[in-house]
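Okay, structure first, notes after.
The values are calculated or read from the model by the stated rules, or taken from the named source; none is laboratory data. The structure displayed is predicted, hence computed values, not measured ones. We place every Cβ from the backbone using ideal geometry, glycine too, and count neighbours over all the protein chains shown. Remember, those area values only see protein heavy atoms, side chains included, never the ligands or the DNA or RNA. Shrake-Rupley method; radii C 1.70, N 1.55, O 1.52, S 1.80 Å.
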Amino acid sequence: MSNAVLLPEVVKLLEEGHTVTLRLRGRSMRPFLEDNRDKALLKKTTSARVGDAVLAEIKPLTFVLHRIVKIEGQQVTLLGDGNLTPEHCTLNDVKGTAVGFYRKGRTRIDSTSGRKWRTYSLVWMKLRPVRRYLLAIYRRCATLR
């Protein structure tokens, strides 16, 4: 099922107050979240903050799960951990917040409010000036496997 069909239904469930576990597609949250391997547990966004991983609609029927790097008034700047170019939306376009991730086939969730995730997030956001090089090394190592 395409994201253009699936994700509006996910948004409806979130708006009704349900949590949704969603298998991740794409490489924008690399190196820590992988395409078709990891899952995100999402809930309706009540208040978005810098550093949150959110499901946002950046244009009609185009959704991303990226981290918020800046909020200015109603304008939100998003950046996938594996991306170098930011994307933009408004606070109203932020549809869900990740409360945790199931990584590497594990059944135990890595909570976004836990020390491990908060530490990783802080370090990775501070490394933004050198991400290009770190991601290039990661991609080369991933192709060698």
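Observations on the model:
- A single member of Ala4, Ala56 is touching a helix residue (DSSP H, G or I) at 6+ places or on another chain (Cβ under 6 Å) and small (Gly, Ala, Ser), and it is Ala56.
- Each residue in the stretch 46-104 was checked for being of a type outside the set (Ser, Thr, Tyr), open to solvent by 80 Å² or more (accessible area, probe 1.4 Å) and more than 28 Å from Arg139 (Cβ to Cβ), and 7 of them qualify.
- Entry remark, the stretch 125-145: residues being among the hydrophobic types (A, V, I, L, M, F, W, C) and closer than 13 Å to Leu84 by Cβ number 5 in total.
- The stretch 1-97 holds strands (runs of 3 or more DSSP E) entirely within its bounds, and those carrying 1 or more residues that are in contact with a Cys (Cβ under 9 Å, 6 or more places away or on another chain) and of a type in the set (D, E, K, R) map to 53-59.
- Lys39 vs. criteria closer than 23 Å to Lys116 by Cα, in contact (Cβ under 8 Å) with a residue 12 or more places away in the chain and open to solvent by 80 Å² or more (accessible area, probe 1.4 Å): no
- Among (1) more than 17 Å from the chain's Cα centre (by Cα); (2) closer than 23 Å to Val20 by Cβ; (3) in a helix (DSSP H, G or I), the one test that Tyr133 misses: (2)
- Exactly one residue out of Gly114, Gly96 is modelled with pLDDT under 95 and small (Gly, Ala, Ser), and it is Gly114.
- From the list Phe101, Phe63, the lone residue that is within 18 Å of Glu15 (Cα to Cα) and touching a residue at least 12 places away in the same chain (Cβ under 8 Å) is Phe63.
- Considering the stretch 129-138, and only residues there that are in contact (Cβ under 8 Å) with a residue 40 or more places away in the chain and not hydrophobic (A, V, I, L, M, F, W, C), the residue that is surrounded by the fewest Cβ atoms within 10 Å (Cβ to Cβ) turns out to be Arg132.
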